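One structure is given below, encoded as structure tokens.
The values are calculated or read from the model by the stated rules, or taken from the named source; none is laboratory data. Computed from a predicted model, the values in this text were never measured in an experiment. Because the Cβ atoms are built from the backbone with ideal geometry, glycine has one as well, and the counts that use them run over all protein chains shown.
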Amino acid sequence: MQKKLLIGTTKGLVVFEKTGQDWQIKTTHFLGLPVSVIYVNELTNTWWAGISHHHWGQKLHFSTDEGQTWQEVNPPAYPLDAQMGSGKPATLKKIWIIQHGGAAYPNRLWVGTEPGGLFLSENNGQTFQLVESLWNHPSRMNQQQWFGTGRSEPFIHSIVVDPTDHNHIYIAVSCAGIFETKDGGKKWQPCNKGLIAAYLPNPHVEIGHDPHRLFACTVNPEILWQQNHCGIFRSIDGAKNWQSVSDKNGIANYGFALAIDHQNPERAWVIPAVSDELRIAPKQALTVCRTVDGGQTWQSLTNGLPQENCFDIVFRHALAIQGDTLVFGTTTGNVYLSDNQGDGWTCLSNNLARIDCVCFV
């Protein structure tokens with residue numbers, strides 16, 4: 001059962017705790033600072049928090065006692081000779097994602113960053129090395145294949161480690177697409193067949209796609225889901241092929257946030273937005289959409305969510321699931337939780353700053 005909930009906001013890290021049936025704010029950390037990424041490494045029971053200082057840049061902190069004390073480590077740093085596609089020197093702008101390397105590599109951490117670099121630590125985050133094989137991939141230096149969208153540079157926001165083979169890893173790059181390694185990061189190949197890049201002259205390009213979030217099902221890692229700039233896509237053959245599973249007659253299409261049932265590969269949730277031009281809830285009504293049949297059909301779940309004059313949307317790391325419980329935070333500082341797979345929602349807070357990330361402990 002969930003005991004704690006971590007909410008990363010633009011004004012600090014907020015920790016909710018559950019007492020009986022109620023969730024309440026118990027502690028806050030990094031008050032007033034923008035928490036851009038939070039991650040709980042269940043292998044080591046370590047909390048990680050990335051802070052995007054407006055003046056000092058990206059900082060990285062960890063706690064081994066559930067936030068009672070924090071230690072700072074040096075964040076990933078690009079080598080002096082690392083260049084972006086434009087030829088400018090590469091410098092760390094933001095940490096987007098942290099992921100452990102699997103039980104086979106208990107000291108390993110993968111870190112995805114902006115401007116598009118993947119970093120690896122083999123000592124629990126004390127030092128990081130740029131994964132040169134991906135950084136030097138021929139496609140990355142091509143600004144028509146790796147490029148920024150809402151951000152000025154491409155960034156790696158999703159890392160999926162195959163639970164059956166910890167050297168088999170997928171990453172998602174906005175914009176570039178899905179890349180896969182089967183040898184622990186020595187070689188990488190794109191896996192974007194079937195995706196649509198409607199914003200490009202050739203929508204069927206091999207590289208140049210904009211996945212918003214990527215997951216693989218734990219019980220069947222051959223099944224992957226992605227919420228994408230151009231819809232919702234699913235693969236049933238280990239990312240060799242992707243099929244659109246967007247709702248042709250409904251609103252489950254464009255959005256950022258995605259959650260999947262890791263015990264049932266047919267079940268997933270998304271939180272739609274109108275479009276990249278109008279980042280608001282469809283018809284200004286906040287809605288979570290759920291599929292129980294692999295995306296063939298979608299159901300809109302609205303019980304307990306505001307249905308009038310709503311300007312909320314949910315960013316890519318601001319939706320989380322554990323068991324039957326889902327939680328999400330919005331751009332206007334609201335937190336909603338469901339303990340019945342989304343059938344009904346309860347508001348935990350209306351008073352937080354913009355929420356960028358959430359996770360269960």
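Here are some notes:
- Condition check for Gly85: crowded, with 19+ Cβ neighbours inside 10 Å and at positive phi: no
- Condition broken by Glu308, with the remaining ones in (1) farther than 29 Å from Phe147 by Cα; (2) in contact with a helix residue (DSSP H, G or I) (Cβ under 7 Å, 6 or more places away or on another chain); (3) buried (at least 18 other Cβ atoms within 10 Å of the Cβ) satisfied: (3)
- Residue match in region 269-283 (condition: in a strand (DSSP E or B), touching a helix residue (DSSP H, G or I) at 6+ places or on another chain (Cβ under 9 Å) and closer than 25 Å to Ser158 by Cα): yes
- Consider region 1-35 and keep the residues that are at pLDDT 95 or above and not in a strand (DSSP E or B). The one that is nearest to Asn124 (Cα to Cα) is Phe30.
- Residue in region 255-274 that is touching a Phe, Trp or Tyr at 6+ places or on another chain (Cβ under 9 Å), over 30 Å from Asp162 (Cβ atoms) and in contact (Cβ under 8 Å) with a residue 60 or more places away in the chain present: no
- Highlighted here are the strands (runs of 3 or more DSSP E) found entirely within region 36-131 that include at least 2 residues which are at pLDDT 95 or above and closer than 30 Å to Gln143 by Cβ: 46-53, 57-63, 94-100, 109-114, 118-121.
- Looking across region 122-131, the residues that are over 25 Å from Gly85 (Cβ atoms) and in contact (Cβ under 8 Å) with a residue 40 or more places away in the chain come down to Asn124, Gly125, Gln126, Thr127.
- Put simply, of Leu33, Leu13, Leu43, Leu118 the only residue that is more than 25 Å from Ser152 (Cα to Cα), buried (at least 18 other Cβ atoms within 10 Å of the Cβ), in contact with a strand residue (DSSP E or B) (Cβ under 8 Å, 6 or more places away or on another chain) and among the aliphatic types (A, V, I, L, M) is Leu13.
- Comparison of Val270, Val314 shows that the only residue that is buried (at least 17 other Cβ atoms within 10 Å of the Cβ), within 30 Å of Val219 (Cα to Cα) and touching a Cys at 6+ places or on another chain (Cβ under 6 Å) is Val270.
- Residue, farthest from Asp356 (Cα to Cα), within region 253-278, restricted to residues that are in contact with a Pro (Cβ under 6 Å, 6 or more places away or on another chain) and not β-branched (Val, Ile, Thr): Pro272
- Filtered residue count, region 163-186, keeping only those that are polar (S, T, N, Q), assigned to a loop (DSSP other than H, G, I, E, B) and touching an Asp or Glu at 6+ places or on another chain (Cβ under 9 Å): 1
- Candidate set from region 187-206 (those that are assigned to a loop (DSSP other than H, G, I, E, B), surrounded by fewer than 19 Cβ atoms within 10 Å (Cβ to Cβ) and touching an Asp or Glu at 6+ places or on another chain (Cβ under 9 Å)); member that is modelled with the highest pLDDT: Lys193
- Of the criteria (1) farther than 19 Å from Asn220 by Cα; (2) out of contact with any His (no Cβ under 7 Å at 6 or more places or on another chain); (3) assigned to a strand (DSSP E or B), which one Leu286 fails: (3)
- Test: residue in region 157-171 that is small (Gly, Ala, Ser) and surrounded by 23 or more Cβ atoms within 10 Å (Cβ to Cβ): yes
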